[in-house]
Amino acid sequence: MIIKDNSEIRAEARNQLSGNWTNPVLFTLLYILVAAAITAVSNSFGNTASRSFIELLLNIFILLPIAYAFVLYFLRFNRNDREAGLGKYLFYG
């Protein structure tokens, strides 16, 4: 196993992202916005047991599938598989 320096890893990342910033940035913003919306919805219930339960359900049924798609997208992006847009990964499996 070859261990790379941080500068080599950064250079590879910049090469992969050159000209391909749009989808990774949009997908990251989508994830952040959904996570913030879930927090806002759960905060509207105050500090009750129902808030924790609702937040748990929202995280399991909404944020977890998006996190899975996020990981799949960036793994395939790293492997230079850029044939499909974000929708393929959001509704995968």
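Quick notes on this one:
- Each Lys and Arg Cβ is given +1 and each Asp and Glu Cβ -1; about its Cα centre, the chain then shows a dipole of about 60 debye.
- If you run the Gaussian network model on the chain, springs between alpha carbon atoms under 10 Å, then out of F27, F53, F70 the most flexible one is F53.
- Proximal charge balance of N43 [Cβ under 15 Å; K/R count +1, D/E count -1]: 0
- Taking the helices alone, the chain has a mean residue ellipticity at 222 nm of -21500 deg cm²/dmol, built from -39,500 (n - 2.57) per DSSP H run of at least 4 residues and averaged over all its residues.
- Here the contact order of the chain, divided by its residue count and restricted to Cα pairs under 8 Å and six or more residues apart, works out to 30 percent.
- Probe 1.4 Å, protein heavy atoms only - accessible area per residue of the chain in square angstrom: 73 Å²
The values are calculated or read from the model by the stated rules, or taken from the named source; none is laboratory data. All figures in this text were calculated on a predicted structure; none of them were measured in a lab. Glycine gets a Cβ as well: all are built from the backbone with ideal geometry, and neighbour counts include every protein chain shown. In case anyone asks, the SASA skips ligands and DNA or RNA and just uses the protein heavy atoms, side chains included. Shrake-Rupley method; radii C 1.70, N 1.55, O 1.52, S 1.80 Å.
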